[in-house]
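S.K.: Please read through the structure below; I'll follow up with questions.
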Amino acid sequence: MHITLYRKYRPSNFSEISGENEIVKSLKLSLKNKSISHAYLFSGPRGTGKTTTARLIAKGVNCLNLHENGEPCNECQNCISINEGRFSDLIEIDAASNRSIDEIRALKEKINYQPVEGLKKVYIIDEAHMLTKEAFNALLKTLEEPPAHVIFILATTELDKILPTIISRCQRYDFKSLDLNEMTARLRFILKEEGLEMTDEVFPIIHENSSGSMRDSISILERLIISTNEKKIDLKIAEETLGITPSERIKIFLDKLLKMNEYEIINELENLSAESFDLELFFKDLAKYIKNSMLRKEIEAELGFKIISIIYDVIGKFKFEDDKKLVGYVIVADILNAMNINKEPNITKIVCDVESPKNYNITDSQSIKMVQENVEPILSSNLTIDEVKNNWKNLMVELSKRKTSFRIFLMHLKPVSLVGNTLTIGCEEAHSFAKDQIETNEYNEVFVTTTREFFKENNLIIKYVLTGQKLNQGTNNSEFSKKVIDFFGGDASF
């Protein structure tokens, strides 16, 4: 008969408990000195050893050959009976399904009976916070003055739901989540006993996914063992089995993000979506990766905190949005805006021809000709097109402070010429939605005002033109991009 690993390797004595050294030391001393309390309250996260420790107390007080250090012998009749789960004087109650006052009244009627085969009757009430207020009140007097042959041990993951009057009648111990070293030591022991191997880089992944729960970490380890079919467990196997984004993929994305390379970030985001990655999970894994990078001092703490905060803030705000790729665009836009890093844009040189008719639609991949309205410039300007290009990234940051959504569609706009005081902004026809959006009164007014203030040119005139090849009718890239802009809407900012 197959036994799950966490049951197979459940601690049979106090020395096998991972972590909680002070709690173990105190309880062993109490057993040694025969000064066990009549009621205990164990609180802490799931899987940290509360119920296991309670059973060890039951074993200790009923052990017929207790060792001098307070450890049960695991050889006497009572110890063997408890280990096999057939000890009649160890009563475990699940408060989640036995929470009413009637169950507690029935319990009170039975506790007066003497132990059947042991020295003490031990009642373990798991998930004690689930008891009703009436049930707690019925338990109060019994907890305060139980019969000499009875010990109560209450275990809970939600201490704040336990009545103060109950807490005051118990000896309280607070269990904590295991750290990486404590968990790793126990998992190494299990792997050795099972005759298996696992690479060191997998242990942090198990710790991260178990949230410090020893029971959960052993369950995860068992999943990995089954998946590998008794082969060596490595990082790739762990990531595939647990559905974790490959760390190499996260590194690539983070590198593009830190370099503020918008187009490469967009392409990578589209690739992840096309490969059926869960984008919400991807960004959460990115946040965890950044957290670990901060601990290794591979990324500045201030920047790391900003990115992690933005990821969870946006995911929280748009948790009901079905289009997770859209949410990814919002996260990227906010991160780029927050980073506020100056980086000279890589703009393709464009040959301009001003003397062209009013109707403008330009298509030449090597030498794109700009077409403008046949309007004479009002004034000459000291500003040059090179200055505009060199400061375009800084202008984008300034505009994003006014409206977060500027960051999205300004990715598709480029300064292409400056004749007199008329600045011409080009937009590839494949992304014509960006031109349409910025030409609206809502955006154009902010764009023109901010650009004039930024370059200190109050008479600057701005025109927008299309460049490049038009997308095929069947594509939906422009549709999706429009959805991104609409999603931000108005004064969207975070």
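S.K.: Can you spot a residue in the stretch 325-332 that is hydrophobic (A, V, I, L, M, F, W, C) and free of Cβ contacts under 8 Å to residues at least 24 places away in the same chain? Even if it seems obvious, please write down each step before you answer.
M.R.: Of the residues in the stretch 325-332, the ones hydrophobic (A, V, I, L, M, F, W, C) are 326-327, 330-332.
Now narrow it down to the ones that are free of Cβ contacts under 8 Å to residues at least 24 places away in the same chain: none.
No, the conditions are met nowhere in the stretch 325-332.
S.K.: Moving on to the next point. Using the structure shown, decide if Leu180 is under 15 Å from Gly47 (Cα atoms), buried (at least 19 other Cβ atoms within 10 Å of the Cβ) and of a type outside the set (Gly, Ala, Ser). Before you say what the answer is, go through the steps one by one.
M.R.: Details: under 15 Å from Gly47 (Cα atoms): yes; buried (at least 19 other Cβ atoms within 10 Å of the Cβ): no; of a type outside the set (Gly, Ala, Ser): yes.
So Leu180 fails the test.
S.K.: Then there is this: Check Val446, Val416 and return the single one that is within 39 Å of the chain's Cα centre (by Cα), under 28 Å from Asn261 (Cβ atoms) and at pLDDT 85 or above. Steps first, please.
M.R.: On the way: Val416 fails: within 39 Å of the chain's Cα centre (by Cα).
When all the criteria are applied, what remains is Val446.
S.K.: So Ala430 passes all but one of these: (1) without any contact (Cβ under 8 Å) to a residue 60 or more places away in the chain; (2) buried (at least 21 other Cβ atoms within 10 Å of the Cβ); (3) among the aliphatic types (A, V, I, L, M). Which condition number does it fail?
M.R.: Just one mismatch for Ala430, condition (2).
S.K.: Here are Phe320, Phe277: which of them is out of contact with any Ser or Thr (no Cβ under 9 Å at 6 or more places or on another chain) and free of Cβ contacts under 8 Å to residues at least 40 places away in the same chain? Step through it out loud before you land on a result.
M.R.: Details: Phe277 fails: out of contact with any Ser or Thr (no Cβ under 9 Å at 6 or more places or on another chain).
Going through Phe320, Phe277 in turn, the sole match is Phe320.
S.K.: I'm trying to understand the selection: among the residues of the stretch 150-190, which are of a type in the set (D, E, K, R) and within 19 Å of Asn137 (Cβ to Cβ)? Step through it out loud before you land on a result.
M.R.: Kept after step one, since they are of a type in the set (D, E, K, R), are these residues of the stretch 150-190: 158, 160-161, 169, 172, 174, 176, 179, 182, 186, 188.
If the condition is that a residue be of a type in the set (D, E, K, R) and within 19 Å of Asn137 (Cβ to Cβ), then Glu158, Asp160, Lys161, Arg169 are the ones that fit.
S.K.: Out of everything in the stretch 1-34 that is part of a loop (DSSP other than H, G, I, E, B) and among the hydrophobic types (A, V, I, L, M, F, W, C), what residue ends up being farthest from the chain's Cα centre (by Cα)?
M.R.: Initially, the stretch 1-34 is screened for residues part of a loop (DSSP other than H, G, I, E, B), giving 1-4, 9-13, 17-20, 33-34.
This time we only want the ones that are among the hydrophobic types (A, V, I, L, M, F, W, C), so: 1, 3, 17.
Working: Met1: 37, Ile3: 32, Ile17: 28 Å.
That would be Met1.
S.K.: Let me ask something else about it. Being farther than 28 Å from Asp334 by Cα and of a type in the set (A, V, I, L, M) is the filter here, so list the residues in the stretch 222-262 that pass it.
M.R.: Leu224, Ile225, Ile226, Ile233, Leu235, Ile237, Ala238, Leu242 - these are the residues of the stretch 222-262 that are farther than 28 Å from Asp334 by Cα and of a type in the set (A, V, I, L, M).
S.K.: Turning to a different aspect of this structure: Among the residues of the stretch 271-291 satisfying the criterion of being loosely packed, with under 15 Cβ neighbours inside 10 Å and among the polar types (S, T, N, Q), which is farthest from the chain's Cα centre (by Cα)? First the steps, then the outcome.
M.R.: Our first condition is that a residue be loosely packed, with under 15 Cβ neighbours inside 10 Å; within the stretch 271-291, this holds for 271, 274-276, 278, 281.
Add one more test, that the residue is among the polar types (S, T, N, Q), and what stays is 271, 276.
Numbers: Asn271: 22, Ser276: 19 Å.
The residue in question is Asn271.
S.K.: In the stretch 183-204, which residue that is crowded, with 19+ Cβ neighbours inside 10 Å and under 19 Å from the mean Cα position of the chain (by Cα) is nearest to Arg7 (Cα to Cα)?
M.R.: Phe203
S.K.: Identify all residues within the stretch 225-238 that are surrounded by fewer than 16 Cβ atoms within 10 Å (Cβ to Cβ), part of a helix (DSSP H, G or I) and in contact (Cβ under 8 Å) with a residue 24 or more places away in the chain; write none if there are none. Spell out how you get there, then give the answer.
M.R.: Within the stretch 225-238, the subset surrounded by fewer than 16 Cβ atoms within 10 Å (Cβ to Cβ) is 226-227, 229-232, 234, 236.
After this cut, where a residue has to be part of a helix (DSSP H, G or I) as well, the list is 226-227, 236.
Result: no residue meets the conditions.
S.K.: From the list Glu321, Glu268, Glu248, which one is surrounded by fewer than 16 Cβ atoms within 10 Å (Cβ to Cβ), over 15 Å from the mean Cα position of the chain (by Cα), modelled with pLDDT of 85 or more and not aromatic (Phe, Trp, Tyr)?
M.R.: Numbers: Glu321 fails: modelled with pLDDT of 85 or more; Glu268 fails: surrounded by fewer than 16 Cβ atoms within 10 Å (Cβ to Cβ).
Going through Glu321, Glu268, Glu248 in turn, the sole match is Glu248.
S.K.: If you don't mind, there's one more thing I want to ask. Filter the stretch 436-458 down to residues that are under 23 Å from Asn390 (Cβ atoms) and surrounded by fewer than 20 Cβ atoms within 10 Å (Cβ to Cβ), then give me how many there are.
M.R.: Quick first cut of the stretch 436-458, residues under 23 Å from Asn390 (Cβ atoms) only: 438, 446-458.
With surrounded by fewer than 20 Cβ atoms within 10 Å (Cβ to Cβ) added as a condition, the list becomes 446, 448-458.
Number satisfying all stated conditions: 12.
S.K.: Let me ask another. Out of the residues in the stretch 34-52 that are touching a strand residue (DSSP E or B) at 6+ places or on another chain (Cβ under 7 Å) and crowded, with 24+ Cβ neighbours inside 10 Å, which is farthest from Leu178 (Cα to Cα)? Talk me through it step by step, then tell me what you get.
M.R.: The initial filter retains those residues of the stretch 34-52 that are touching a strand residue (DSSP E or B) at 6+ places or on another chain (Cβ under 7 Å), namely 36-44, 50-51.
Of the ones still in play, those that are also crowded, with 24+ Cβ neighbours inside 10 Å are 41-42, 50.
Numbers: Leu41: 19, Phe42: 16, Lys50: 13 Å.
Looking at the filtered set, the residue picked out is Leu41.
S.K.: Residue under question is Thr241, and the condition is that it be modelled with pLDDT under 85, polar (S, T, N, Q) and either part of a loop (DSSP other than H, G, I, E, B) or surrounded by 13 or more Cβ atoms within 10 Å (Cβ to Cβ) (or both); does it hold? Let's see the steps before the verdict.
M.R.: Working: modelled with pLDDT under 85: no; polar (S, T, N, Q): yes; either part of a loop (DSSP other than H, G, I, E, B) or surrounded by 13 or more Cβ atoms within 10 Å (Cβ to Cβ) (or both): yes.
No: the conditions fail for Thr241.
Per-residue answers, yes or no, for (1) among the β-branched types (Val, Ile, Thr); (2) modelled with pLDDT under 90; (3) part of a helix (DSSP H, G or I):
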position: Thr142; (1), (2), (3): yes, yes, yes
position: Pro147; (1), (2), (3): no, yes, no
position: Ile151; (1), (2), (3): yes, no, no
position: Asp160; (1), (2), (3): no, no, yes
position: Arg169; (1), (2), (3): no, yes, no
position: Arg172; (1), (2), (3): no, no, no
position: Met183; (1), (2), (3): no, no, yes
position: Lys192; (1), (2), (3): no, no, yes
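The values are calculated or read from the model by the stated rules, or taken from the named source; none is laboratory data. Predicted model, so just to flag it, every value in this text is computed and none were measured. So basically every Cβ, Gly included, is an ideal-geometry build from the backbone, and we count neighbours across all protein chains shown.
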